[in-house]
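What follows is a single structure, written as structure tokens, with notes after it.
The values are calculated or read from the model by the stated rules, or taken from the named source; none is laboratory data. This structure is a prediction, so every number in the text was calculated from the model and none was measured. Counting neighbours? That spans all protein chains shown, and the Cβs are built from the backbone with ideal geometry, glycine included. All accessible areas refer to the heavy atoms of the entire protein, side chains included, with ligands and DNA or RNA removed. Shrake-Rupley method; radii C 1.70, N 1.55, O 1.52, S 1.80 Å.
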Amino acid sequence: MPVAASAIYFLNLRGDVLINRLYRDDVGGNMVDAFRMHIMQTKELGTCPVRLIGGCSFFYMRISNVYIVIVVSSNANVACAFKFVVEAVSMFKSYFGGAFDEDAIRNNFVLIYELLD
């Protein structure tokens, strides 16, 4: 049975966390470090947007200058996760006046936290 996301991270192009939201306690807060080390530093971002690292699945998408990373510790519906990202970005753009980039996230982080809850 598919489960929901354990965590969602918004990263800039350097891999710095802009916003993160942990939904379940089955993944640690250091999961973003695994993403940085195994995916961003190896420059393999364009090959496949789904990776399995250390027993966790990472689904990621780059929009503008922001990476949105969903971490799941068990079986998950990948299509549903990507649909969530696309719809969430569309909603954020409507709230932010059409922009979704690092500056828009930094300027509206309180709103994003409220919408992710």
**OP:** Quick one: pull the percent of accessible area on region 7-116 belonging to carbon and sulfur, 1.4 Å probe, ligands and nucleic acids left out.
**Re:** 53
Subject >> More than 23 Å apart - percent of Cα-Cα pairs taken over region 7-116 >> reply: 23
Original post:
Length gain on complete extension for the stretch Y23 to V78, per 0.36 nm per residue less the alpha carbon to alpha carbon distance?
Top reply: 18.1 nm
Subject >> Lys/Arg +1, Asp/Glu -1 at C-beta; region 7-116 dipole; positive extreme among I63, G98, I8 >> reply: I63
Original post:
Where does helix 78-96 land angle-wise versus the long Cα axis of the chain, in degrees 0 to 90, nearest 10?
Top reply: 20
